[in-house]
Amino acid sequence: MAVEVREARILIVGLGLIGGSLAAALRAAGYGADGQGELLACDPDAGEIARGVEMGLIDRGETRLESLVEGVSLVVLAVPVMAMGGVMRELAGCLERAAPDVVVTDVGSAKAAIRRSAIDAFGRMPANLVLGHPIAGSEKSGVAAADPALYARHRVILTPEPDTDPVATARVRRLWACCQAEVLEMAVERHDQVLARTSHLPHLLAFSLVDTLARQDERLEIFRYAAGGFRDFTRIAGSDPVMWRDIFIANRDAVLASLDDFEAGVARLRCAVESGDGDAMLATFDRASHARHYFESLLNQTSYQAEYQMQQHGKLRFRASPGGKVTGRIRVPGDKSISHRAIMLGALAEGVTEVKGFLEGEDSLATLQAFREMGVAIEGPHQGRVTVHGVGMHGLKAPSGPLYVGNAGTAMRLFAGLLAGQAFDTELTGDASLTKRPMGRVADPLRLMGARIDTAEGGRPPLHIHGGESLTGITYDMPMASAQVKSCLLLAGLYAEGETRVREPAPTRDHTERMLAGFGYAVHREGDTCWLEGGGTLSAAPIDVPSDISSATFFLVAAAITPGSDLVLEHVGINPTRIGVINILRLMGADLRLENEHEVGGEPVADLHIRYAPLQGIDIPLDQVPLAIDEFPALFIAAANAAGTTRLRGAEELRVKESDRLKAMADGLATIGVEHALLEDGIDIVGGGRAEGANYGGGHIDSLGDHRIAMSFAIAALRAGEPVDIDDCANVATSFPGFIDLARRVGLALEEQEAA
Ligand code: S3P
């Protein structure tokens, strides 16, 4: 729905492309159409004013400000950055008297300099002055080029100060929203740094490249042969020189800082080209090419990663409607645990590792990107295919900044072990959820091996790992059954003197051990203890990643609880350390068969065929808990539909997953009206047990940004009486990209919505 601007009289100072396009956008939105609201402009060029009136963009205008300010409610300063000071001094002399309720904003692209001009002109930052900057433009100039769509779907950054009047900010927001722009706020300093990198530096480079080439060939002969690459790279060198001179003067320091970074990058590439270092070139180009695609997807808003993800997080909502049945034949994405490990071992191996079935989810992509940042050339992923050019056990390079692993606990914990053995320092950071998760469980035993690791308070991320320490193997009795801790220590053990032995209190997933063996590295096991000897090497081996049983689980449970369902999930990993969900569902009475069992690259797989059958509540055997640890949120939904009570104990690890999953599920079950009792290490769930119709109601669930909580309540809706709305679902993309589409394909009524 169109936003309406309620300003009585808007004055645009500077009627060039930017000011003219604002007027055009306001007109297109109907501003002033019925005589309510007047649009004025001031410009030193009387010809521009006349053209603006002729084009119907403004009602009237003048070359002098003073005669226009009477009764204006909103002033937009759209003059070049260096002219702002003069205009503000003129306004300071007349505005307060002539227009007491006025709000002032600007469009300049260097905010600190404009703030300085404002303080000079007004003696302080006025509370009614809201600085802003629309991130839109064109290499054209003048009011004749005004484009009513210039700001549509573009961002406008406002940089209000702590004492800016919130009402003034809201009015400026409304102005831009009316032009269909997306308005966001940030601090002045941050704005200037961001713009220096994303806009000012590229303009500087484009101007410089064209100028350099033009000087080398005075007759400009070379431009005749300049094809797409030159044209694409230099389009912005046609922009307004005066405007850009002003910007570089105004934002000097931030531009210089970004230019320094750029020069260092070019120098590195120069070395690589000079010495014919193809791997270094490939690593840089690959990283850049992926970053560019990633950027493209951000622009198209098809991905929920990085800053965009942070902003959108609270916003992505699922609405799951009751009813339907679950049928068909599908393949869910690749196993997350195996995907992480494939990249890690492939990077450390000698030779090239070809991976098939790689999970293109945000967690495993974070691992992949981290290795790129440590100089590993990685091609793909293209439809699950990834080629990792291994650098050998000692070939990783120091990354230029912290390694950000997003939501991925597996990445952070396994990296901790692997990086403890490197010659360089690293910092590991993650998103808000990961930053709350315990890392002492890996940092403590790594310290016993001689690693130097600093954590934040309470053993939380970020982790600072000091390189160059010599590690010694230890025998470690794990206090909890954790495959991540075990794998972390085995990876550190590769770099340690002597044997590293890990005893697990209960069997946990053994993908690390299997894959190490597949890469020719001997891993031994006796009973509950596994060990390896440090100092060996890995040889690249092909990896076929099976579908993730943890992702398959949502559809297994969906079919298990819904009468009339008959579903086949193809090529699912059925490693014995992962099949707790199959065992538990069968104990509950599910009709679940394994078909086409075979082995791929050291991991067993099968097609899972499930048909609806009534479920019974059970006491979940303790030995199944570590084997189904990620599957409990979905299994709780099975329990909510079973006849009788299901009891889970010994599952305190669920409290430290992507959320406190016992509490998050208990809260959600309470919302939809499922009787339960929450315990410190488990839960009792009383199932509805009906053969038909609803087993509970609907409601509004907070997934707390936990992918598995979100997907569990999405399938719960199959047997709900009312729709289930689930908030904060963007993280589903960490483990299960394409969940919505697959869910719909098999018969769920699931929609994505953007929450208000
Ligand atoms: C994983 C191990 C498990 C699991 C996680 C993946 C792995 O964590 O919950 O999703 O890939 O090693 P813990 O080791 O903390 O049990």
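The values are calculated or read from the model by the stated rules, or taken from the named source; none is laboratory data. These numbers were taken from a predicted model, which means no experiment stands behind them. Don't worry about glycine lacking a Cβ; one is built from the backbone with ideal geometry, like all the others, and counts go over all protein chains shown. The area values use the complete protein model at the heavy-atom level, side chains included, leaving out ligands, DNA and RNA. Shrake-Rupley method; radii C 1.70, N 1.55, O 1.52, S 1.80 Å.
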Computed from every Cα-Cα pair in the range 660-746, P(r) in 5 Å bins starting at 0 and rounded to whole percents is 3, 14, 24, 24, 19, 12, 4, 0
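In whole percent, what relative contact order does the range 435-564 give with Cα contacts below 8 Å and a gap of six or more residues? Kindly include the intermediate steps, with their values, before the conclusion.
Details: 198 pairs, mean separation 23.4, N = 130.
Relative contact order, the range 435-564: 18 percent.
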Looks like the range 402-518, by Cα gyration tensor root eigenvalues a ≥ b ≥ c and the a/c under 1.5 rounded cutoff (else prolate when a/b is bigger than b/c, oblate otherwise), is oblate
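Taking 0.36 nm per residue of sequence separation and subtracting the Cα-Cα distance, how much length would be gained by fully extending the chain between residue 670 and residue 161, in nm to one decimal? Numbers along the way, then the final one.
On the way: separation 509, 0.36 × 509 = 183.24 nm, distance 4.27 nm.
Using 0.36 nm per residue and subtracting the Cα-Cα distance, I get 179.0 nm.
Of the peptides 360-367, 39-46, 283-290, how do they stack up when ordered by the mean number of other Cβ atoms within 10 Å, highest first? Could you put the intermediate results ahead of the total?
Numbers: 360-367: 25.2, 39-46: 20.4, 283-290: 16.2.
The peptides rank, most packed first, as 360-367, 39-46, 283-290.
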Quick calc, residue 385 & residue 209: beta-carbon distance into FRET formula, R0 41 Å, rounding 0.05, result 0.70
Quick calc, the range 114-230, dipole around Cα centre from Cβ unit charges on Lys, Arg (+) and Asp, Glu (-), nearest 20 debye, gives 220 debye
Of the candidates 191, 592, 707, the farthest towards the positive dipole end of the chain (Lys/Arg Cβ +1, Asp/Glu Cβ -1, centred on the Cα centre) is 592
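Ignoring ligands, DNA and RNA, what percent of the 1.4 Å accessible area of the chain is carbon and sulfur? Write down the numbers at each step before the final one.
On the way: 15910 of 31090 Å².
Whole-percent figure for carbon plus sulfur exposure: 51.
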per DSSP, antiparallel bridges as share of beta bridges in the chain, % nearest 5, sits at 55 percent
With N residues in the chain, Rg(alpha-carbon) / (2.2 N^0.38 Å) equals 1.11
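Rounded to the nearest 20 debye, what is the charge dipole size of the range 194-276 about its Cα centre when +1 sits on each Lys and Arg Cβ and -1 on each Asp and Glu Cβ? Show your work: numbers first, answer last.
Working: 10 positive and 12 negative charges, 34 e Å.
Charge dipole of the range 194-276: 160 debye, to the nearest 20.
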Rounded to whole angstroms and listed largest first, the alpha-carbon spread of the range 611-756 along its three principal axes comes to 39, 35, 27
So the compactness index of the range 584-648, its C-alpha Rg divided by 2.2 N^0.38 Å, takes the value 1.24
Residue 522 and residue 101 label points (each 7 Å along its Cα→Cβ direction) are spaced in nm at 8.5 nm
For the chain, whose charge dipole is built from +1 on Lys and Arg Cβ atoms and -1 on Asp and Glu Cβ atoms, the candidate among 35, 77, 324 with its Cα farthest towards the positive end is 324
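Between residue 678 and residue 477, what is the FRET efficiency for a Förster distance of 45 Å, r being their Cβ-Cβ separation, to the nearest 0.05?
Details: r = 30 Å, r/R0 = 0.67.
Computed FRET efficiency for residue 678 and residue 477 comes out at 0.90.
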Filtered hits (aspartates and glutamates, Cα-Cα < 20 Å from residue 325, offset >= 8 within chain) -> 566, 570, 591, 607, 692, 722, 725, 741, 751, 752
Under 14 Å by backbone N from the virtual spin label 7 Å along Cα-to-Cβ at residue 444, the residues of the range 410-438 are 438
In debye to the nearest 20, the charge dipole size for the chain, taken about the Cα centre with +1 at each Lys and Arg Cβ and -1 at each Asp and Glu Cβ, equals 500 debye
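May I ask for the percentage of alpha-carbon pairs in the range 194-276 that lie more than 14 Å from each other?
Values: 2371 of 3403 pairs.
Of the Cα pairs, 70 percent sit more than 14 Å apart.
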Given Cβ charges of +1 for Lys and Arg and -1 for Asp and Glu, the option among 390, 472, 573 whose Cα lies farthest towards the positive end of the dipole of the chain is 573
Here the range 336-544 gives, from Cα atoms, an Rg and Dmax in Å of 15.4, 43
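Taking only DSSP H segments of four or more residues, each worth -39500 (n - 2.57), what value at 222 nm results for the chain once the sum is divided by all its residues, to the nearest 500 deg cm²/dmol?
Working: 27 runs with 293 residues, N = 756.
One gets -11500 deg cm²/dmol as the mean residue ellipticity at 222 nm.
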